[in-house]
Each structure stands twice: as structure tokens, then as C-alpha cells.
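Worksheet for the structure shown next.
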Amino acid sequence: GVGMNMAEGDTLISVDYEIFGKVQGVFFRKYTQAEGKKLGLVGWVQNTDEGTVQGQLQGPISKVRHMQEWLETKGSPKSHIDRANFRNEKVIVKLDYSDFQIVK
């Protein structure tokens with residue numbers, strides 16, 4: 001479209017996520033970390049006491065969108081995702097993390 005430049009997909013954004021379903025005990029965090037690193041994203045992932053997985057993604061908007069789709073539809077091989085919540089999305093000037101970590 002008009003006004004869209006090449007850098008549009010490179011705008012850095014940050015978004016929080018929470019994944020509901022059978023996402024604990026199925027290596028979900030490990031696969032999320034691997035996928036995030038593969039895409040060049042930074043952030044974190046952890047299990048919650050409520051049986052969900054939550055975290056934060058940061059990186060170029062095009063890569064974050066790819067990761068959001070992965071979290072919503074794919075996950076780890078044995079997981080069963082009911083739904084994914086994304087919130088607090090915002091454009092950021094620089095990344096807050098240097099890598100993608102699994103938080104215990």
C-alpha cells in the first residue's frame with residue numbers, strides 16, 4: 001500500500017501472551033524458546049500456577065506475528081492449544097532482552 005515502506009515489517013514491537021490448553025508437561029516452553037530463537041526474537045516463557053504458559057515476545061513485527069500464529073496454532077507436538085491471549089502490544093525503540101529465556 002501507499003506509505004508502507006520496507007522498514008514497516010522491521011518495526012520492533014513487544015507483546016505479552018498467555019496460552020491456554022494442555023500446554024504444561026509437553027515441552028511447550030522448550031519448543032517456544034527454540035521457535036523464538038529461530039525467528040530471532042527475544043523474550044521469555046514460563047508456566048503459571050493456573051496451568052497456562054505465559055511470557056513476552058519482542059522483535060520485528062513480521063517475526064512477532066509469525067510467532068503469535070505459531071503459539072496459537074502449533075506449539076509443541078504433544079500440546080493442545082485451546083486459545084491464546086495477546087495483550088499490551090506496543091511499539092518499542094529497543095529490545096529489553098538479549099535472548100529468549102525459559103523462566104522457572
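The values are calculated or read from the model by the stated rules, or taken from the named source; none is laboratory data. Keep in mind that what you see is a predicted model, and the values were worked out from it rather than measured. Every residue, glycine among them, receives a Cβ derived from its backbone with ideal geometry; neighbour counts consider all protein chains shown. Accessible surface is based on the protein model in full, side chains and every heavy atom, while ligands, DNA and RNA are left aside. Shrake-Rupley method; radii C 1.70, N 1.55, O 1.52, S 1.80 Å.
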Could you give me D for region 11-102, from Stokes-Einstein at 37 °C and 0.692 mPa s, where the hydrodynamic radius is the Kirkwood radius over C-alpha pairs? Units µm² s⁻¹, please. 257 µm²/s
Residue-normalised accessible area of region 11-102, expressed per residue, 1.4 Å probe, Å²: 55 Å²
Cα-centred dipole magnitude for the chain, charges only on beta-carbon of K, R (+1) and D, E (-1), debye, nearest 20: 320 debye
With the full set of protein chains in place, find how many percent of the accessible area of region 11-102 is carbon and sulfur; take the probe as 1.4 Å. 48 percent
Can you work out the PRE-style zone for Ile61? Point 7 Å along Cα to Cβ, and I want the residues of region 68-104 with backbone N under 11 Å. 90-92
Label zone at Leu95 (point 7 Å along Cα-to-Cβ), backbone N below 17 Å, region 22-47: 32-45
